[in-house]
Structures are given as structure tokens and as C-alpha cells.
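What follows is a short report on a single structure.
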Amino acid sequence: MEGEQPKPLLELRGISKSFGGVAALREVDFTLSEGEIHGLVGENGAGKSTLMKIIAGVHAAYQGRMLLAGQPVSFASARDARDAGIGMVHQELSLVPQLTVAENVFLGAQPLTRFGTVDWPRMRREAARELESLGIDADPAAILGTLPLGLQQLIELARVLFSGARIIILDEPTSALSPPEIERLFSLLRRLRESGRSIIFISHFLDDVLQISDSVTVFRNGRRIAHAAVPTIDKAWLIENMIGRDHGELADSYVNRVELRGRPETDVALEVEGLSLTGAFSDISFRLHSGEVLGIYGFMGSGQLELAKSLFGRRPAERGTLRLAGRPVRLSSTSRARRAGLAFVPESRRSMLFAQEPVYKNVSIAILDHIHRFMLRPARERTIARARIGDLGIRPPSAEIRLGALSGGNQQKVALAKWLTRQPLVLILSEPTRGMDVGAKEDVVRIIRKVRDEGIGVIVISTEPETVLSLADRILVMKKGAMTREFAAQSVGKDELLAAA
């Protein structure tokens, strides 16, 4: 009946959760209706992930009540939640890159023959049918790790759907997708909504939240701050509720144009000429000055992420020359790049940090050869780490806390601390604010500007226009492996970057 309110499918009432005496959630209420896409936004550490992990059965101990279809539920494990029809697609994918697409779609639920062996032909047929129904163009026999990251993310969503989930939690689902892939994902989400499935959409891409969600809930400091139907709000409302009215310069990159500073009158820190790598990029040339932040922007697959790895020696270029502070260098390995004065924070924090180790070990690992000669000196490591924790505002301010207990934004600060403990000539940052909200990004903006002001040359490589607009003094745009445009000493907006890419 027209005007009839949809039925609540999932209700959380008075949810509170603490870790080590620190409150992560305080008396939170949350409702998800049948056939609803519910956006969820808030700063890193605001409580979004904790609440989702309660829903998904990861955190079993908490205060408050959870109702599913009107019935009280309490999940002791993620398996309990899955059995109840709740699936979660994490930002850090949980697929197995060494297995085929079909094996990942059926992960943990492979069809068997009457003899108890895996029915491979049936698995490939059903995986192909499932992928086709979702509009995902992928060969079921392909090895997952050989596919683009955006396609892998869609395949993980297919796996969750194939499991029969009626509530789907998506954590930053568009962070690795190009605009066409995002539109394909949104088309799929709309079809799922029409079929009666309910979706929780967590994202720091505010435009995406407003485009796909029916309603939005805002979290701040472990509390639910606001909730509204999407047609009644805009991006400014979201930013104001996420971080308050005093949200500083970062908001300009979300809602206004920014004025680029252009090249500084300083020495050239890094000169790149004719750099090429087959299948990734070709004939890349640019100069980075000391005390400058150079943004390199492009859609996923444009070659900018591969360029970052090449500059740090992870995927050495086949042709071209590099000069650091005027000296020719050949960066054939990451160790040579480090010795030459380069530092690199990749887009995946997991690849460079150790989640099970304390913060101080993650900070000091890059300089162990300078502080240890004949024996380990953990006291020295802790002293250095505490100084970086204070400088970068890492929260909570503990050198002993396990890294994996920190929010994504604070883990990124630890990644920066690792390389800034010994000042490099050039700092390369690949997707430095991926998975972060406005508030956490603003912290990273302040850190990177401080690094720039200390005379370090910084390259920020990103698929997020807001990131390069908020950080860069000058912006280069990459498209299909080539540099296509430069923005310098001028006013520029997000629409111009998107058009150039």
C-alpha cells in the first residue's frame, strides 16, 4: 500500500561495547528495514565497524538487544550470523587469490558428487550462471588474483549473495572501483533492493552514499548522532554531522573548488623521464620539487598505482631514467630505493604493517639497522615510537597496543610514522586516505602538509579526487597509462579532474 512504512528487518536497541575500558559504542539504536539501502557514515573510530561486527557475529559480548524479523537474536560467531542470513563484504577482501573465480564463489560450500568429491563441472556452471545473473563478466576458470581489484570485489559480493544472505553489509565497496564499475554495482544493489534484500552501505565517499542510499545514519564518538531520509539532506549536512561545523579546509575538496599553489621555487627532488612499463604505463615524465605535494590522479586501472610501485623498485620500469636530487639512480629493488632516500606507503596497509604486533614494532621496523648494532634495543624502539605517536596524533596514544586494535585512519598514521622516523628525500603515498572518513582524512592532510613544509617532496597517488584536491600543490592526471593533463597555479574542482580522467 502506498505510503505504508517498510517493516523493520533488523533492530538494535541500546547497544554498548567497550575495549579495555574504552567505550566504542554508547547506547546505540539502529534500524534496517526490509528492501532498504541504509547508508552509514562517520569518522574512523566513530563506532561504525564495531556495530557492524556485532551484527555480523564477530563481537559476541556487548550490552543491549538485537532483533531479527522481530525475534531476539544473539550471535556467538560469524557462522551464526551467516546462518541467520547476514553477510558482510569487507574492504580488505577475504577471497583466496590463488584459487579460481568459481572456487571463490563457492568458498566453503563446494558442490559434491555422489562419491563425496568436488563436482568441478557443476561448480563452474553454477558460478558462471550466478555471475551472469549479476552482470559480472568473469571467467569462472580464471585465477582470481590475476583479475583487477574492482572485479575481485564484485566476485566477493557474488559469493555473499550466493550464500543466501538477506542482509548484506558492504564496507567501502566503491573504494577500488572505476566509475563504470560503481554504476554497475549500484545497478546490482538496486535490483537486490527491489527483490527485498536489505543493504548497509558504509562509505567515506559521500557522493556515493547520497546516490545509492534510501536513508543515512551518522556516527560520531561511539554514538548515533543523526538519521535522515536521503531526499531531505545533502553533502554539507553529512559533513556537518560527521565532524561538526569546524571542519576546516578539507571540506573545500568535497563541496568547493580549491586553489592550487603550483611549483615551488625549490630544488628538484625527483626527475622522471620517459618511464615505461609494458601493460601499465608509457613515456611518463615529470619533476617533483622539494617541499611540494604532487598529486597524480586517475581512475582505477589508469596505471598510477603501478607507477607508484615502479618508483619504489617493486616493479622496475623497463625504460626511462630517474634522478634523485640531480643524481641518476636505478631503482631495481625496494632496498635500493630505500637507500637512495625514497619511502613508500602502499594502498594496502596490510602489506607493510603487522597487525598482531604492537605499534612500536611497526614504527621502528624501517630503522632497525640504525638503532641496533649487536643486540635488540626495545627500549630505544619504544622511545622513538612514542615521539612519533605524539607528533602524528595516533589514538589511542599507546606504543604497546596491538596495531590491529587501531582504526584504519590510525593504522595509516602508523604507516606514515614508520617512514618518517628517518626523513626521506621523497615520500610516495598510494591511496593515503582510502577507507577513511572526512575527519581521519583531515588528520592525514595536516601530517602531509607538515612533511611538505619540512622540505620533503611528496607524491600522492590516488583514485579519489577529494584526496588529491585536499593535498596537492600541483596535479597530474593519468589516463590509460599516460599523463594527459597538468593542473598548476589555478582554481580546480572535482568535475574538472573527472573530465580529464
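Quick notes on this structure:
- Annotation note: Cβ proximity below 6 Å between a residue of segment 477-493 that is under 17 Å from residue 272 (Cβ atoms) and a residue that is in a strand (DSSP E or B) and among the basic types (Lys, Arg) (sequence gap 6+ or interchain) occurs for 477/485; 488/474.
- Of the residues making up segment 265-283, just one is under 16 Å from residue 427 (Cβ atoms) and of a type in the set (S, T, N, Q), namely 266.
- For segment 204-223, residues that are among the basic types (Lys, Arg) and touching a helix residue (DSSP H, G or I) at 6+ places or on another chain (Cβ under 7 Å) total 1.
- Every listed requirement among (1) outside any helix (DSSP H, G or I); (2) in contact with a strand residue (DSSP E or B) (Cβ under 8 Å, 6 or more places away or on another chain) is met by residue 135 save one, (2).
- Looking only at segment 109-126, and only at residues there that are over 31 Å from the mean Cα position of the chain (by Cα) and in a loop (DSSP other than H, G, I, E, B), the one that is surrounded by the most Cβ atoms within 10 Å (Cβ to Cβ): 119
- Which listed residue is part of a loop (DSSP other than H, G, I, E, B) and assigned by TED's automatic domain parsing to the domain that holds residue 457, from 265, 306, 273: 265
- Complete set of residues in segment 193-207 that are in a helix (DSSP H, G or I) and touching a strand residue (DSSP E or B) at 6+ places or on another chain (Cβ under 8 Å): 193, 206
- Just one of the listed residues (295, 291) is on the phi < 0 side of the Ramachandran plot and modelled with pLDDT of 95 or more, and it is 295.
- A single entry from 429, 425, 403 fulfils the requirement of being at pLDDT 85 or above, crowded, with 19+ Cβ neighbours inside 10 Å and either more than 14 Å from residue 363 (Cα to Cα) or in contact with a His (Cβ under 9 Å, 6 or more places away or on another chain) (or both): 429.
- Number of the exception - residue 59 against (1) out of contact with any Leu (no Cβ under 8 Å at 6 or more places or on another chain); (2) free of Cβ contacts under 8 Å to residues at least 40 places away in the same chain: (2)
- Scanning segment 89-108 finds no residues that are in a helix (DSSP H, G or I), under 24 Å from residue 57 (Cβ atoms) and touching a strand residue (DSSP E or B) at 6+ places or on another chain (Cβ under 7 Å).
- Number of residues in segment 79-137 that are more than 27 Å from residue 9 (Cβ to Cβ) and charged (D, E, K, R): the value is 10.
- Screening the candidates 159, 129, 184, 190 for the property of being touching a helix residue (DSSP H, G or I) at 6+ places or on another chain (Cβ under 9 Å), surrounded by fewer than 17 Cβ atoms within 10 Å (Cβ to Cβ) and in a helix (DSSP H, G or I) yields one hit, 190.
- A search for C-beta distances below 9 Å between a residue of segment 96-122 that is free of Cβ contacts under 8 Å to residues at least 12 places away in the same chain and in the same structural domain as residue 156 (by TED's automatic domain parsing) and any residue that is in a loop (DSSP other than H, G, I, E, B) and among the acidic types (Asp, Glu), counting only pairs 6+ apart in sequence or on different chains, returns 112/119; 113/119.
- Evaluating residue 319 against the criteria (1) under 30 Å from residue 150 (Cα atoms); (2) at pLDDT below 85 leaves one unmet condition, (2).
- Verdict on residue 210 being under 22 Å from residue 107 (Cα atoms) and in a helix (DSSP H, G or I): no
- Meets criteria (of a type outside the set (S, T, N, Q), farther than 20 Å from residue 188 by Cα and modelled with pLDDT of 90 or more) for residue 73: yes
- Residues that are in a helix (DSSP H, G or I), at pLDDT 90 or above and touching a helix residue (DSSP H, G or I) at 6+ places or on another chain (Cβ under 7 Å) do occur in segment 226-238.
- Of the residues making up segment 169-188, one or more are touching a strand residue (DSSP E or B) at 6+ places or on another chain (Cβ under 6 Å) and either modelled with pLDDT of 90 or more or outside the structural domain of residue 42 (by TED's automatic domain parsing) (or both).
- Complete set of residues in segment 309-325 that are part of a loop (DSSP other than H, G, I, E, B) and in contact with a strand residue (DSSP E or B) (Cβ under 7 Å, 6 or more places away or on another chain): 312, 315, 317, 318, 325
The values are calculated or read from the model by the stated rules, or taken from the named source; none is laboratory data. In this text the structure is predicted, and so the values were computed from the model without any measurement. Every residue, glycine as well, gets a Cβ built from its backbone with ideal geometry; the counts of neighbours run over all protein chains shown.
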